[in-house]
Each structure stands twice: as C-alpha cells, then as structure tokens.
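Q: Let me begin by handing over the structure; questions about it come next.
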Protein chains: 2
Amino acid sequence: MYQLRPIGWVESPITDRDLAPKQGDEGAPDAWLVFDPGMRPAIRDLEVGAEVIVLTWLDRASRDVLAVHPRGDPANPVTGVFSTRSPDRPNPIGLHTVQILAIEGTRITVRNLEALDKTPIVDVKPGLEPSGRR
Amino acid sequence: MYQLRPIGWVESPITDRDLAPKQGDEGAPDAWLVFDPGMRPAIRDLEVGAEVIVLTWLDRASRDVLAVHPRGDPANPVTGVFSTRSPDRPNPIGLHTVQILAIEGTRITVRNLEALDKTPIVDVKPGLEPSGRR
C-alpha cells in the first residue's frame, strides 16, 4: 500500500457525477486548480497556453469495479476497466489533458477539465507529446 | 490521504535508476506487466498491438523534491517538477505509453517501458488519443 497526498483541489461548477461530461472536451466548463501554498516551487514553471496532464484522485469512484458498460450505456458491451476511462476502477486515478488559461499564484484556471468540484489533485505533468518533453 | 493498492508489478531487465532510459522510446528493453490474478476481468479486453497508458508508483523516488535540473543534467536550469518528467515529485506516479506485444493470461509483454524492475503497477488506461476513446 502507498499513500497518496493531495497537493491541491479542483474548483468547478460540476458537482453531479451523473451530469458531468465524460471527457474534458465534451462541454466541460472552465475550472480551477487550487494548489497548496507549499507547491509553489513545483508549479512555478507552468505557462499560460500550455497543455498539461492533471492527475486527480477520483474520490467518489467505486474501487471494486473491474468491468463496466463503457460510458454507462447498457448498449455498450461489458468491458474490462483497463480498456475504458471509467472512473470506477481499483485505483481511481483521473488523467486529464487540460489547457492553462491563467495563473494567479497557486490558483490556475484551466479549460477542458471534467473533474467534479473538490476532487483532490495529486500530480501535474507535461503533455505526452514528444514536443512537450523535458 | 488516499491508499494506492498495487494491482501488479513490472518485470524488466532495468534495475539501476542511473542507467535507466529517461523515456520509454529512448532504448527501453521489452518488459512485462505481471498482474494479480484477481485483475483478470479488468485486463480481459486489452489487445495485442494496442498502445495503452500504464500508471506506476515510482517507489524509489524522493517525494520531497519540488524542483530539479531536468534529466538530471546540471546544465539544465532548475525547473518546477510539474513541468518535468522527474520521478522525484510529491506523488511519484509514473505515466508510461507502451505498446502491447503479447498477452499470456495475466502476464503482458510490452515495448517502451522505462520503469525499473519490481515497480508497482497501479492502473492501465487507453491511450490519450481521441481515436482510442471508449
């Protein structure tokens, strides 16, 4: 067992999982990443306009689910969760590609984040494209 | 605090962090994802040839590091870890895009995994490309 320590929280108008978009580019409203003040040295090189990957802990997910109907639609055949983006999975880590719109201290405005309000943030990484590598 | 529960382990010829490739496509040897037998329903729809994202817990990383010289090279200016792929970060979750080469039960051979031998696996997700979505 390993301990994940939240480094910040999502602020978003999205509060109801059933109404949330399934993906960030399916109509997610702008949202905020609000980091612990102690994270300032870690976020200091994030830049407005950049695409980054935000990792969250989907704290309202079910961890004992191993297969689902994708997108919650019974018409989709049951599929192992590792082939889906279901939040319900043994370790419910959310992976969100977002664009940074504004940075004010440790508060960052982002586009395309479908996470629920108050979701814990656990990491931020550069985008997966080779051009974003450091 | 949240509890991460390993669902499997990496088997790899890479055992020394200092000699490991920094990225999966920088000469990583083939490696194996060895899942707990209980994960069979979750992995059952993974397919040979597919690109998937493997999430690991980088258990040999330092969690109190907030800024680094990228790629461990002192010539690179100190950078906040959220703008780098440093394994040293508050929550050392590894994100690895790998290609599935073979599947034998709960043992999966993959290309392009730079994780060290015995690294815990915590999740597997479809690739981030829109075409890979379910």
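Q: Decide, for the protein assembly as shown, between rounded, prolate and oblate: order the square roots of the alpha carbon gyration tensor eigenvalues as a ≥ b ≥ c, take rounded if a/c falls under 1.5, and otherwise choose prolate if a/b is larger than b/c, else oblate.
A: Here the protein assembly as shown falls in the oblate category.
Q: Can I ask one more? Ignoring ligands, DNA and RNA, how much accessible area is buried between chains B and A, both sides summed, with a 1.4 Å probe, to the nearest 100 Å²?
A: 5400 Å²
Q: Output wanted: per-residue J couplings in Hz (rounded whole) for the stretch A:37-47, from phi through Karplus 6.51 cos²θ - 1.76 cosθ + 1.60, θ = phi - 60°, x for Gly and Pro.
A: Along the stretch A:37-47, the couplings run x, x, 7, 3, x, 7, 9, 5, 9, 5, 10 Hz.
Q: Around B:Ala67, which amide H atoms from residues at least 5 apart in sequence, or from another chain, sit under 5 Å from its own amide H, with H modelled in the peptide plane?
A: Correct list: B:Val81.
Q: Would you calculate, for chain B, the mean residue ellipticity at 222 nm contributed by helices, counting each DSSP H stretch of 4 or more residues as -39,500 (n - 2.57) and dividing by all residues, to the nearest 500?
A: Computed mean residue ellipticity for chain B: -500 deg cm²/dmol.
Q: Okay, moving on. Between copies, how close do the B:Arg5 label points come, placed 7 Å along Cα→Cβ, listed in nm from shortest?
A: Here the equivalent label points are 2.4 nm apart from this one.
Q: Ignoring ligands, DNA and RNA, what accessible area per residue does chain B give at 1.4 Å, in Å²?
A: 45 Å²
Q: Considering every residue in A:41-50, what mean count of other chain Cβ atoms within 10 Å of its Cβ is obtained?
A: 5
Q: Ok, one more. For B:65-72, what's the mean count of beta carbons from other chains sitting within 10 Å of each residue's beta carbon?
A: Counting Cβ atoms of other protein chains within 10 Å of each residue's Cβ and averaging gives 3.
Q: OK, next. Rounding to the nearest 20 debye, state how big the charge dipole of chain B is about its Cα centre with +1 on each Lys and Arg Cβ and -1 on each Asp and Glu Cβ.
A: The calculated dipole for chain B is roughly 400 debye.
Q: Also, I was wondering about something else. Given axes a ≥ b ≥ c from the Cα gyration tensor, I'd like to know whether the stretch B:75-126 is rounded (a/c under 1.5), prolate (a/b larger than b/c) or oblate.
A: Here the stretch B:75-126 falls in the prolate category.
Q: Another one. Say a label goes 7 Å from Cα toward Cβ at B:Arg63 in every copy; what distances in nm does this one have to the rest, shortest first?
A: Ordered by increasing distance: 1.5 nm.
Q: Same structure, new question: For peptide B:87-98, compute the average count of partner chain beta-carbon atoms within 10 Å of each residue's beta-carbon.
A: For this peptide, the per-residue mean of nearby foreign Cβ atoms is 4.
Q: Using each residue's phi in the stretch A:5-17, evaluate 6.51 cos²θ - 1.76 cosθ + 1.60 at θ = phi - 60° and report the 3J(HN,Hα) Karplus result to the nearest Hz, with x for Gly and Pro.
A: Values, residue by residue: 10, x, 10, x, 9, 7, 10, 8, x, 7, 10, 10, 4 Hz.
Q: Expressed as a rounded percentage, what relative contact order does the stretch B:1-117 have, with Cα pairs under 8 Å and six or more residues apart?
A: Relative contact order of the stretch B:1-117: 38 percent.
The values are calculated or read from the model by the stated rules, or taken from the named source; none is laboratory data. Source: prediction; values computed, not measured. Note: ideal-geometry Cβ built from the backbone for every residue, glycine included; neighbour counts use all protein chains shown. We work out accessible area using only protein heavy atoms, side chains counted, and drop any ligands, DNA or RNA first. Shrake-Rupley method; radii C 1.70, N 1.55, O 1.52, S 1.80 Å.
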